[in-house]
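Values quoted throughout were computed directly from the atomic coordinates according to the rules given, and no laboratory measurement underlies them. What you see is a predicted model; the values in this text were computed from it and never measured. Note that we place each Cβ from the backbone using ideal geometry, even for glycine, and neighbour counts take in every protein chain shown.
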Amino acid sequence: MLEQLSPATAAREVEKNLRRRWRPGEKFIESWIFLAGILTIVILLGIIALLLKEGLPIFLDTPPWEFFFGTKWYPVSDPPTFGIMPFFMATLWVTLVATAISVPVGVACAAYLSEVAPAEVREVVKPIIEILAGIPSVVMGFIGLMILSPLVQSTFNLNTGLSGLTAGIMLSLMSLPIIISVSEDALRAVPSDFRQAAYALGATRWETIWHVSIPGALSGITAAIMLGVGRAIGETMTVLMVAGGALAIPVSPTEPMMPMTAAIASGIGNAVRGGLQYQALFAIGLVLFVITLAVNLVADRVLERQKRKFTR
Amino acid sequence: MKARSISTRQLSQRAAFSLIIVATIIVVIPVLVIVLQIILNGAGAISWDFLTQAPSQAGKSGGILPAIVGTFYLMLGTIVFALPLGVMAGIYLTEYARDNWLTRLINLAIINLAGVPSIVYGLFGLGIFVLLFHFGMSLLSASLTLACQALAMTVTTSREAILAVPREYTEGSLAVGATRWQTIRHLVLPQALPGIITGAVLAMSRAAGETAPILVVGAAFLLPGLPKSPFEQFMALPYHLYTVAAHVPGMPKSTVWGVALVLLVVVLSFNVLATIIRLRTRQRRLNV
């Protein structure tokens with residue numbers, strides 16, 4: 001009878017018997033443990049509630065249509081206008097540049113590290129990628145300011161090196177670690193029997209990677225890419241420092257621009273609490289939150305599917 | 001199927017391998033360039049005075065002591081809140097939670113908290129801690145804000161560390177009559193401690209480098225002295241770097257690089273510390 005119980009159920013049975021002795025101290029601690037357990041939900045709901053409470057009132061002044069598709073952001077003119085299209089397009093450009101670089105480079109690097117690289121190379125490269133993941137975003141912004149932007153300026157013959165392109169390149173570096181590590185995990189999860197079978201059919205190592213490993217890990221790699229994109233969209237300091245901060249709608253990545261995160265960071269210091277600009281900035285925060293939430297939820301789903309794929 | 005000759009296939013393999021090696025080099029080179037540039041350009045600014053004096057002339061001369069101390073206060077303040085709550089949440093998820101909708105919701109919340117942009121945490125801290133709780137623009141508000149951001153990480157690492165404790169230990173303890181809390185307190189937590197500490201050190205490293213949230217909730221550019229209470233404003237290395245790099249005209253270049261170097265050393269040394277703890281624990285486990 002007893003061996004049919006799962007360990008957790010057995011533990012509960014034992015505990016039920018022990019519960020006869022009253023232990024107020026333990027009950028107290030255990031209730032705190034429960035509260036800590038649900039704290040993450042409380043914080044997430046708190047963020048949602050606050051963004052809604054402070055952000056939604058802007059739509060009483062600026063209709064959603066004008067807010068989302070308006071092309072002018074003049075918070076201090078009279079009357080002020082709050083159109084976030086310039087910020088949205090800037091985020092789009094910067095994320096596009098970052099993704100265009102980090103996805104091919106990151107996936108190729110992951111394929112090399114998990115399928116080809118000898119152990120000694122991996123032991124050197126992996127810590128370097130960990131260092132990259134550890135570099136604070138403000139330091140990346142600083143490097144973009146000092147090293148990359150003069151380079152971009154002279155290469156593309158621009159008036160200023162502070163542009164969406166510069167920010168995108170720095171962001172691509174910052175989203176590489178997560179793309180590489182998640183893709184690598186996905187590639188490693190492909191069972192080695194699959195590769196052995198491909199070799200047995202006469203495939204070369206590369207043909208095996210291209211036709212067996214990568215297709216097998218595709219959903220994990222997709223999740224990796226989405227997490228990288230989420231990272232690029234939410235990054236603040238780097239784009240604040242090197243994207244240029246111009247308020248016009250950017251039509252090319254080489255223009256200076258102001259992504260949504262930078263718009264919040266640079267405006268919030270001057271915004272009067274409860275004023276229209278304050279509300280508008282919280283509404284941008286809400287838009288950012290919804291986008292990153294969607295990206296993360298989908299990435300998580302895709303990742304779960306990948307995990308289940310090869311478990312038998 | 002039209003069979004291609006072996007040599008063409010070997011050739012395309014060689015080309016493909018070269019490509020992915022080049023990709024790896026493209027990842028590695030910028031990291032080396034960034035770290036080396038910061039060390040080479042910043043080393044000249046580092047002196048005893050730079051590390052132990054308060055700034056003067058809008059940061060153009062003097063040192064950065066208040067920013068260094070402020071960053072350490074911030075790391076401590078963050079971990080004081082995020083570690084106990086994270087460990088308790090980890091205990092709840094591994095030892096108490098059943099497989100029901102609430103647990104799924106908690107896991108969903110953790111995943112999403114980890115992906116919320118840092119500037120949104122800044123808005124949250126501003127709305128909740130600075131304004132609603134009236135903590136003002138202060139060290140306390142900033143610590144609580146960063147703690148909310150670090151929580152997802154401390155919960156996840158605590159949960160992993162507790163899950164790594166062999167199930168037999170726990171069952172053995174319960175079998176000899178220990179209560180669930182006694183088992184956790186005397187058996188599970190000591191076993192999971194190295195993993196928990198590794199996560200905590202990583203969370204502190206991240207808190208040290210975080211800029212966007214503290215920009216919103218209370219970092220100051222220049223303060224005459226160190227904060228004397230958690231309700232005062234504070235200087236911090238990442239915010240100082242942002243300001244001297246982007247907002248102070250005529251800033252001596254070497255000073256800015258120096259600030260970047262100090263920040264990088266603080267952040268990366270905590271990363272290295274976490275790695276050392278992890279490796280030593282693994283070593284000990286292997287020796288047992």
- Look through segment B:136-184, keep the residues that are more than 13 Å from chain A (Cβ to nearest Cβ) and touching a strand residue (DSSP E or B) at 6+ places or on another chain (Cβ under 9 Å), and return whichever of them is farthest from B:Tyr96 (Cα to Cα). B:Ser138
- Message: For segment A:25-79, which positions are within 14 Å of chain B (Cβ to nearest Cβ) and more than 30 Å from B:Gly86 (Cα to Cα)?
- Response: A:Leu56, A:Pro57, A:Ile58
- For segment B:62-86, name all the residues that are farther than 23 Å from B:Phe231 by Cα and within 13 Å of another protein chain (Cβ to nearest Cβ). B:Gly86
- Message: For segment B:215-260, give me each residue that is within 26 Å of A:Ile135 (Cβ to Cβ) and in contact with a Pro (Cβ under 7 Å, 6 or more places away or on another chain).
- Response: B:Leu222, B:Phe234, B:Met235, B:Pro238
- Taking segment B:170-187 on its own, how many of its residues are in a helix (DSSP H, G or I) and surrounded by fewer than 18 Cβ atoms within 10 Å (Cβ to Cβ)? 7
- Grab the helices (runs of 4 or more DSSP H) fully contained in segment B:1-95, keeping just those with 3 or more residues being of a type in the set (Ser, Thr, Tyr), within 21 Å of the chain's Cα centre (by Cα) and within 30 Å of B:Gln149 (Cβ to Cβ). B:65-91
- Task: Please report, ordered by residue number, the helices (runs of 4 or more DSSP H) entirely within segment B:188-288 with at least 2 residues that are free of Cβ contacts under 8 Å to residues at least 60 places away in the same chain.
- Result: B:189-209, B:237-246, B:253-287
- So which residues in segment A:257-297 are more than 11 Å from chain B (Cβ to nearest Cβ) and either within 23 Å of the chain's Cα centre (by Cα) or hydrophobic (A, V, I, L, M, F, W, C) (or both), if there are any at all? A:Met257, A:Met258, A:Val272, A:Leu276, A:Ala280
- Restricting attention to segment B:96-110, which residues are surrounded by fewer than 19 Cβ atoms within 10 Å (Cβ to Cβ) and either touching a residue at least 24 places away in the same chain (Cβ under 8 Å) or touching a Phe, Trp or Tyr at 6+ places or on another chain (Cβ under 8 Å) (or both)? B:Tyr96
- Task: Could you list, in sequence order, all residues of segment B:48-61 that are surrounded by 16 or more Cβ atoms within 10 Å (Cβ to Cβ) and more than 16 Å from B:Pro227 (Cα to Cα)?
- Result: B:Phe50, B:Ala58, B:Gly59
